[in-house]
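Only one structure is covered here, and it is reproduced in the block below.
The values are calculated or read from the model by the stated rules, or taken from the named source; none is laboratory data. None of these values were measured; they are calculated from a predicted model. Counting neighbours? That spans all protein chains shown, and the Cβs are built from the backbone with ideal geometry, glycine included. The protein model used for the area step is the full one, side chains on, heavy atoms only, and it has no ligands, DNA or RNA in it. Shrake-Rupley method; radii C 1.70, N 1.55, O 1.52, S 1.80 Å.
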Amino acid sequence: MSSIDSSPVAFNETHSPAIRIWHWTFFIVLTASLTTVFFGSTLFKTRDNIGFVQTQLQDKGVTLSKDQARAVAHGFSDKLWDLHTWIGYVLCGLLLSRFIIEIAQPGEEKLRHRMRNALGYRPDDAGGKADRKHYILVKSTYLAFYTLFTVMALTGLGLAFEDTPPFKQWHRTLGQIHSFVQYFIYAFILLHLVGVVRADLGKRRGIVSGMIHGKKRY
Ligand code: HEM
Ligand code: HEM
């Protein structure tokens with residue numbers, strides 16, 4: 001076994017079936033959620049559809065006031081945000097299951113354990129030091145993502161239970177946090193996709209299939 005194989009920062013590590021199933025399920029459900037956000041923020045934006053509803057009905061001989069047209073446009077937008085909320089509940093469940101997986105999976109598979117190993121690793125050569133730095137940076141982005149997603153889930157739940165007393169007063173603030181943090185989630189996804197594709201095309205070939213089959217690559 002070469003030294004790179006036994007290095008705790010080589011990215012040549014296995015992923016348990018639980019984490020792989022979790023990753024790809026989360027990817028699909030999050031993509032569905034982001035699709036609702038995309039349509040809710042573009043095609044179905046209430047403000048942009050008021051004139052559309054008015055002209056559509058005008059053609060049928062019905063004249064609607066701005067307020068009446070807004071109610072119709074808002075109804076369609078609401079349907080989409082309801083869907084976003086239901087998908088959000090599934091995402092909350094998946095986030096919770098990720099925490100349970102972390103507790104339940106074998107020690108060497110734990111993100112916490114891998115991070116601690118990398119932090120305690122002291123290579124002498126420049127290559128080893130660079131690998132260590134890169135590994136810690138990558139795993140830190142995962143920890144940052146889980147933290148940010150917890151904020152999305154908690155603020156999302158607060159928005160979903162807007163009729164319950166404490167959340168009623170916080171609605172505006174929760175909405176602002178929820179809307180603001182979304183951009184960090186997009187940044188993570190972009191960084192992650194560029195990162196894994198670059199890694200796979202470079203010296204960490206097979207990292208993506210490793211997330212599918214779960215075996216060591218060499
Ligand atoms: C990364 C994932 C998510 C993104 C990018 C996202 C994004 C958004 C955005 C942009 C809005 C509109 C905010 C506004 O215009 O004020 C929104 C609303 C909302 N989100 Fe999320 N969200 C995510 C996850 C969640 C989760 C996990 C939940 C949990 C249930 C959730 C529940 C809600 C609710 C209830 C609303 C208000 C809908 C309404 O206005 O009726 N979201 N979300
Ligand atoms: C919504 C999009 C995605 C999100 C939010 C996401 C999130 C994550 C997270 C949080 C991890 C760390 C898992 C852990 O706790 O150990 C991870 C690992 C990984 N993801 Fe994704 N992922 C996404 C899409 C993808 C896609 C499309 C690919 C493949 C092209 C991919 C490939 C990988 C690989 C190879 C790893 C393991 C990398 C390593 O060993 O450090 N991901 N992903």
> Which ones in region 124-139 are of a type outside the set (Val, Ile, Thr) and surrounded by 15 or more Cβ atoms within 10 Å (Cβ to Cβ)?
Replying inline: Gly128, Asp131, Arg132, His134, Tyr135, Lys139
> Looking at this structure, is Leu148 within 30 Å of Asp82 (Cβ to Cβ) and away from ligand 2 (no atom under 16 Å from the Cβ)?
Replying inline: no
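Table: residues versus (1) β-branched (Val, Ile, Thr); (2) in the same structural domain as Ile185 (by TED's automatic domain parsing); (3) farther than 18 Å from His84 by Cβ; (4) away from ligand 2 (no atom under 13 Å from the Cβ).
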residue: Arg20; (1), (2), (3), (4): no, no, yes, no
residue: Leu30; (1), (2), (3), (4): no, no, no, no
residue: Phe39; (1), (2), (3), (4): no, no, no, yes
residue: Thr46; (1), (2), (3), (4): yes, no, no, yes
residue: Gly51; (1), (2), (3), (4): no, no, yes, yes
residue: Gln54; (1), (2), (3), (4): no, no, yes, yes
residue: Lys60; (1), (2), (3), (4): no, no, yes, yes
residue: Thr63; (1), (2), (3), (4): yes, no, yes, yes
>> Here is a check on your reading of the model: is Arg98 in a helix (DSSP H, G or I), charged (D, E, K, R) and not assigned by TED's automatic domain parsing to the domain that holds Gln182?
In response: yes
> Looking at Leu83, Leu94, Leu119, which is the one that is within 18 Å of Leu30 (Cβ to Cβ) and open to solvent by 80 Å² or more (accessible area, probe 1.4 Å)?
Replying inline: Leu83
> Can you tell which of Ile136, Ile87, Ile189, Ile185 is closer than 22 Å to His23 by Cβ and assigned by TED's automatic domain parsing to the domain that holds Thr35?
Replying inline: Ile87
> Pick from Asp78, Asp67, Asp82, Asp124: which is more than 28 Å from Ile185 (Cβ to Cβ) and either among the aliphatic types (A, V, I, L, M) or in the same structural domain as Trp24 (by TED's automatic domain parsing) (or both)?
Replying inline: Asp67
>> Scan region 160-176 and tell me whether some residue there is of a type in the set (Val, Ile, Thr), in a helix (DSSP H, G or I) and either outside the structural domain of Leu91 (by TED's automatic domain parsing) or near ligand 2 (Cβ under 10 Å from one of its atoms) (or both).
In response: yes
>> Just the residues that are open to solvent by 20 Å² or more (accessible area, probe 1.4 Å) and in a loop (DSSP other than H, G, I, E, B), please, taken from region 12-26.
In response: Glu13, Thr14, His15
> Is there a residue being out of contact with any Pro (no Cβ under 9 Å at 6 or more places or on another chain), within 14 Å of ligand 1 (Cβ to nearest atom) and either in a loop (DSSP other than H, G, I, E, B) or open to solvent by 60 Å² or more (accessible area, probe 1.4 Å) (or both) anywhere in region 64-75?
Replying inline: yes
> How many residues does region 152-192 contain that are under 30 Å from Phe11 (Cβ atoms) and open to solvent by 90 Å² or more (accessible area, probe 1.4 Å)?
Replying inline: 4
> Just a yes or no: is a residue in region 36-44 in contact with a helix residue (DSSP H, G or I) (Cβ under 8 Å, 6 or more places away or on another chain), more than 30 Å from Gly120 (Cβ to Cβ), in contact (Cβ under 8 Å) with a residue 24 or more places away in the chain and assigned to a loop (DSSP other than H, G, I, E, B)?
Replying inline: yes
> What are the residues in region 1-11 that are in a helix (DSSP H, G or I) and away from ligand 2 (no atom under 16 Å from the Cβ), if any?
Replying inline: Ser3, Ser6
